[in-house]
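Peer 1: The structure follows.
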Amino acid sequence: MYRFAIVLLLASCAFASEVRYSLTQFVEEGLEADPQVKELQQGTEEKKNQIRKLKAEAILPTFYASMMVGPAPGLKEELRNGDTVSVYDFSRMGPFWGVQAKFIQPLNLGQYRSGKKALEADLQQKSFEIENQVHDKDVELQTYYYNYLLAREMIRIATDAKSKVDEAYEKLEEALDDDDPNVSQMDLLNLKAKMHTVKEGLSEANLGMKRVMLAIRFSLNMRKEDSFVAEDTLLLPRPEQLPMLEEVRSLTAKYHPDLRRLSAGLRARRIQMDLAEAKLAPEFFVMGEVEYVKSWAGNRSIMQKDAFSEDAVNKLEGLIGFGVRYNLNFWKNWENFRSVRTEYRGLQLKESYAADGLMAKAEDQYYQVLAAKEKMDALKESLRATESILKGAAMQYDLDKSKTGELVSAYTQNITMQKDYYFAVCEYNVQFAQLISKMGMSLKEYHTIYMNQ
């Protein structure tokens, strides 16, 4: 019983890090763990920092304060020329504290609001740009997943082919040893000459698996001890429903992040144009200054009771005023306004054809998906035909061992057709992923928005 428990513990440890990934799970975790996606998402932090900086500068953007502490002399009264005056008494030193502050508060609330709205629109523009790049990463992850399934199918086909050819080679050797009149040494040599193609196919399949696993492990940020296993056991055509062409165009116009990014860019440029126009006018502000000095030196009993009493050392003064500032270099601000207005008009022209261009790209991708599907269906019919040919050749070989060439030819044709078919399935699945991206959606959004209609 104790040994059995140890075996179960070791088995659980061996499979603890193995996770079976579905396509959706792999894409979502890949987007979350991929370091390149995290780097892209950091692109919005700079824009957020600019908004926080603007908010911080809205209240007292100019504020200076200084403070000083130290010893100060006391005061004593002396009679000079018949008058009693207060003079410094350095024999009675005491603590001293003083503070001075200056501030300027602009009153350009409209400019602050316009600047804040422009930065927020710029942040949206950057977010949509990143979203479009993440969609490209979404397609890349789907490609890795289907390439993994393809590599596994190729390994299976190549391994099976090698096993069947080795088996046929052994049977031919036995027939030659038994002096079978229907088998010659030439048949054995012909079969041996074709074995290199089988070994080459297995080597290519293993190389493909190693390369795609490198990409998968990087995307998932996997540890060395972690293993990856796909939930799908076979490479099959995608189960998602292919939308109609009109649906492709309408979904592109509604959800594509480039169109939303262009809209946010237009809003940002329009607000920047209003802000540049506002800067042509004078700017108003409030400014002030305050200075306070307090000493607790000797002979200041009266002043200690009143913190704001003044004499030769103690001081309390300040000022506040209303001002206006106008930039005499009017033409510089005017050129800034013209530059922003030109950019805004350029984006307006781009908006007029951007939607049509993106819908045309999505439509072109739709035709590529249809072509890939037609090719896949045609290869599937041909694959069925080669399977029938292989069955017939196998029956002929059982009756006549001299039919080795026909059997090997039929088997080679079937393997080649299997390879072409699975490559076509992988191509169709990847082209479908490209279509989803060209419509401006991620895989998750496509399932949520379109598949659940």
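Peer 1: Can you name every residue in the stretch 158-171 that is of a type in the set (Val, Ile, Thr) and surrounded by fewer than 19 Cβ atoms within 10 Å (Cβ to Cβ)?
Peer 2: To start, the set of residues in the stretch 158-171 that are of a type in the set (Val, Ile, Thr) comprises 159, 165.
If the condition is that a residue be of a type in the set (Val, Ile, Thr) and surrounded by fewer than 19 Cβ atoms within 10 Å (Cβ to Cβ), then 159 is the only one that fits.
Peer 1: Restricting to the stretch 351-396, name every residue that is under 30 Å from residue 250 (Cα atoms), at pLDDT 90 or above, surrounded by fewer than 17 Cβ atoms within 10 Å (Cβ to Cβ) and among the hydroxyl-bearing types (Ser, Thr, Tyr).
Peer 2: 367
Peer 1: Still on this structure, I have one more. Has the stretch 131-144 got any residue that is of a type in the set (A, V, I, L, M) and more than 30 Å from residue 212 (Cβ to Cβ)?
Peer 2: Checked the stretch 131-144: no residue is of a type in the set (A, V, I, L, M) and more than 30 Å from residue 212 (Cβ to Cβ).
Peer 1: Among the residues in the stretch 322-337, are any touching a helix residue (DSSP H, G or I) at 6+ places or on another chain (Cβ under 8 Å), at pLDDT 70 or above and either closer than 30 Å to residue 275 by Cα or of a type in the set (A, V, I, L, M, F, W, C) (or both)?
Peer 2: Kept after step one, since they are touching a helix residue (DSSP H, G or I) at 6+ places or on another chain (Cβ under 8 Å), are these residues of the stretch 322-337: 327, 333, 336-337.
Still in the running and at pLDDT 70 or above: 336.
Applying the additional criterion that residues be either closer than 30 Å to residue 275 by Cα or of a type in the set (A, V, I, L, M, F, W, C) (or both) yields 336.
Yes, the stretch 322-337 has at least one match.
Peer 1: Quick check on the stretch 86-97. Is at least one of its residues loosely packed, with under 15 Cβ neighbours inside 10 Å and among the acidic types (Asp, Glu)?
Peer 2: No.
Peer 1: Need at least 1 residues that are over 30 Å from residue 444 (Cα atoms) and modelled with pLDDT of 75 or more per element, so show me which helices (runs of 4 or more DSSP H) inside the stretch 14-76 make the cut, counting only ones lying wholly within it.
Peer 2: On the way: elements: 23-33, 35-41, 43-58.
Here the list reads 43-58.
Peer 1: Could you please give the count of residues in the stretch 145-156 that are surrounded by fewer than 19 Cβ atoms within 10 Å (Cβ to Cβ) and either polar (S, T, N, Q) or touching a residue at least 40 places away in the same chain (Cβ under 8 Å) (or both)? Please lay out each step first, then the result.
Peer 2: Of the stretch 145-156, the ones surrounded by fewer than 19 Cβ atoms within 10 Å (Cβ to Cβ) are 155-156.
Checking the rest, the ones that are also either polar (S, T, N, Q) or touching a residue at least 40 places away in the same chain (Cβ under 8 Å) (or both) come to 155.
Residues flagged as surrounded by fewer than 19 Cβ atoms within 10 Å (Cβ to Cβ) and either polar (S, T, N, Q) or touching a residue at least 40 places away in the same chain (Cβ under 8 Å) (or both) within the stretch 145-156 amount to 1.
Peer 1: I'm checking my understanding of the structure. Among residues of the stretch 227-252 that are in a helix (DSSP H, G or I) and either surrounded by fewer than 16 Cβ atoms within 10 Å (Cβ to Cβ) or among the polar types (S, T, N, Q) (or both), which one is nearest to the chain's Cα centre (by Cα)? Steps first, please.
Peer 2: Our first condition is that a residue be in a helix (DSSP H, G or I); within the stretch 227-252, this holds for 245-252.
From what is left, the residues that are either surrounded by fewer than 16 Cβ atoms within 10 Å (Cβ to Cβ) or among the polar types (S, T, N, Q) (or both) are 245-247, 250, 252.
Working: 245: 29, 246: 29, 247: 27, 250: 25, 252: 20 Å.
For the stretch 227-252, the residue satisfying everything is 252.
Peer 1: What residue, of 202, 191, is assigned to a helix (DSSP H, G or I), open to solvent by less than 60 Å² (accessible area, probe 1.4 Å) and at pLDDT below 70? Write out each step before concluding.
Peer 2: Details: 202 fails: at pLDDT below 70.
Of the residues listed, the single one that is assigned to a helix (DSSP H, G or I), open to solvent by less than 60 Å² (accessible area, probe 1.4 Å) and at pLDDT below 70 is 191.
Peer 1: Only one of these conditions is not met by residue 408: (1) crowded, with 16+ Cβ neighbours inside 10 Å; (2) modelled with pLDDT of 85 or more. Which number is it?
Peer 2: Every listed condition holds for residue 408 apart from (2).
Peer 1: Tell me which residues, restricted to the stretch 99-134, are open to solvent by less than 40 Å² (accessible area, probe 1.4 Å) and β-branched (Val, Ile, Thr).
Peer 2: Scanning the stretch 99-134 gives 130, 134.
Peer 1: Inside the stretch 407-435, can you point out the residues that are touching a residue at least 60 places away in the same chain (Cβ under 8 Å) and closer than 15 Å to residue 145 by Cβ? Full working, then the answer.
Peer 2: Of the residues in the stretch 407-435, the ones touching a residue at least 60 places away in the same chain (Cβ under 8 Å) are 407-408, 411-412, 415, 418-419, 422-423, 425-426, 428-435.
Passing the criteria: 422, 425, 426, 428, 429, 430, 431, 432, 433, 434.
The values are calculated or read from the model by the stated rules, or taken from the named source; none is laboratory data. No experiment lies behind these values; they were computed from the predicted model shown. As a convention, Cβ positions derive from the backbone with ideal geometry for all residues, glycine included, and neighbour counts pool all protein chains shown. Protein only, heavy atoms only, side chains kept; ligands, DNA and RNA dropped before computing areas. Shrake-Rupley method; radii C 1.70, N 1.55, O 1.52, S 1.80 Å.
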